[in-house]
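The values are calculated or read from the model by the stated rules, or taken from the named source; none is laboratory data. Everything numeric here is computed off the predicted structure, so don't read it as measured data. When we count neighbours, we look across all protein chains shown, and the Cβ atoms used for this are built from the backbone with ideal geometry, even at glycine.
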């Protein structure tokens, strides 16, 4: 294995470990908590563009076929990584 391959392997392992640890320790925030944690996001921004951020919610369909949705939760560490990497600057409403 040459030095380039060793470096690629090292970077792959580091990314995998980081991703695994982040997923295992992810902290989920409400919209209000997200705005407090990352003050670049305001309630009005979230209302207009919040759908562009990664989020999750529970959806249960009852016996009558009616869906019931929980509030959305936003992954703090994933969004923090988007900010640190600059990926947050690449959000677009085109195609959404």
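Residues in segment 24-57 that are within 17 Å of residue 84 (Cα to Cα), without any contact (Cβ under 8 Å) to a residue 24 or more places away in the chain and in contact with a helix residue (DSSP H, G or I) (Cβ under 9 Å, 6 or more places away or on another chain): 35, 41.
Looking across segment 53-87, the residues that are surrounded by fewer than 15 Cβ atoms within 10 Å (Cβ to Cβ) and under 14 Å from the mean Cα position of the chain (by Cα) come down to 54, 56, 57, 83, 84, 85, 86, 87. Which of the numbered conditions does residue 49 fail, given that it passes all the others? Conditions: (1) in a helix (DSSP H, G or I); (2) surrounded by 12 or more Cβ atoms within 10 Å (Cβ to Cβ); (3) touching a strand residue (DSSP E or B) at 6+ places or on another chain (Cβ under 9 Å); (4) modelled with pLDDT of 95 or more. It is condition (3) that residue 49 fails. Tally time: how many residues in segment 22-43 are closer than 17 Å to residue 92 by Cα and part of a helix (DSSP H, G or I)? Going through segment 22-43 one residue at a time, the tally reaches 0.
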